[in-house]
Amino acid sequence: MQITDAIFIDESELEERFVRASGPGGQHVNKTSSAVQLRFDAANSPSLSAEIKFRLKRVAGRRMTKDGVLVIEADGSRSQERNRAEARRKLAELIQRATHRPKPRKKARPSLASIRKVKEAKAKRGQKKALRKKPGREE
């Protein structure tokens, strides 16, 4: 399964289980196992670098087990083949998102003009409140 130009996942690394799906299908849904549960052992996969595995764990969230197995479920269609394709598409999308390195956060600092503006407004408010005091009382 080709994910990107550099990442290829062998079919032997993927494990598919077919289970009964909820949803559309009427009586037929009780007889067929059309939902797909795709399992990919990302932690032990030779296809992914350590950096991508780390980011994949963050991107996958609850879909990844403590052992590093990525579990993707697809049951949106009545067709088993369409659900298989959907599960594989979701896996590829997750891995592609994990390949993108996030931009480092730059610490923001207010401009000198905005700092000056805030200080002037504060001084003006202070003067306004000072004018409310009774004359002759110094504290």
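The values are calculated or read from the model by the stated rules, or taken from the named source; none is laboratory data. Everything numeric in this text was worked out from a predicted model, so none of it was measured. Reconstructed Cβ throughout: ideal geometry from the backbone, glycine too, with neighbour counts over all protein chains shown.
Looking at region 34-48, is at least one residue of a type in the set (Phe, Trp, Tyr) and in contact (Cβ under 8 Å) with a residue 12 or more places away in the chain? First the steps, then the outcome.
First, the residues of region 34-48 that are of a type in the set (Phe, Trp, Tyr): 40.
Subsequent filtering for residues that are in contact (Cβ under 8 Å) with a residue 12 or more places away in the chain retains 40.
Yes, region 34-48 contains a residue that is of a type in the set (Phe, Trp, Tyr) and in contact (Cβ under 8 Å) with a residue 12 or more places away in the chain.
Could you list, in sequence order, the residues of region 94-134 that are modelled with pLDDT of 90 or more and polar (S, T, N, Q)?
SER111, SER114, GLN127
Enumerate the pairs (first residue in region 1-12 and outside any loop (DSSP other than H, G, I, E, B); second residue anywhere and among the hydroxyl-bearing types (Ser, Thr, Tyr)) with beta-carbon separation below 9 Å, excluding pairs fewer than 6 apart on the same chain, so at least 6 apart or on different chains.
As it stands, the answer is PHE8/SER47, since those pairs meet every condition given.
Would you point out which residue out of LYS57, LYS53, LYS103 is under 20 Å from ASP10 (Cβ atoms) and under 16 Å from the mean Cα position of the chain (by Cα)?
Working: LYS57 fails: under 20 Å from ASP10 (Cβ atoms); LYS103 fails: under 20 Å from ASP10 (Cβ atoms).
Answer to the selection: LYS53.
Counting only residues that are surrounded by 17 or more Cβ atoms within 10 Å (Cβ to Cβ) and farther than 15 Å from ARG17 by Cβ, how many does region 65-77 have?
Final tally of qualifying residues: 1.
Hey, does region 107-127 have a residue that's basic (Lys, Arg), farther than 30 Å from ALA6 by Cα, in contact with a helix residue (DSSP H, G or I) (Cβ under 8 Å, 6 or more places away or on another chain) and surrounded by 12 or more Cβ atoms within 10 Å (Cβ to Cβ)?
Step one: list which residues in region 107-127 are basic (Lys, Arg), which gives 107, 109, 116-117, 119, 122, 124-125.
Applying the additional criterion that residues be farther than 30 Å from ALA6 by Cα yields 107, 109, 116-117, 119, 122, 124-125.
Now drop any that are not in contact with a helix residue (DSSP H, G or I) (Cβ under 8 Å, 6 or more places away or on another chain), which leaves none.
Within region 107-127 (the criterion being basic (Lys, Arg), farther than 30 Å from ALA6 by Cα, in contact with a helix residue (DSSP H, G or I) (Cβ under 8 Å, 6 or more places away or on another chain) and surrounded by 12 or more Cβ atoms within 10 Å (Cβ to Cβ)), the answer is no, since none of the residues qualifies.
May I ask you to verify whether GLN96 is touching a residue at least 60 places away in the same chain (Cβ under 8 Å) and either farther than 30 Å from ALA21 by Cβ or assigned to a helix (DSSP H, G or I) (or both)?
Yes.
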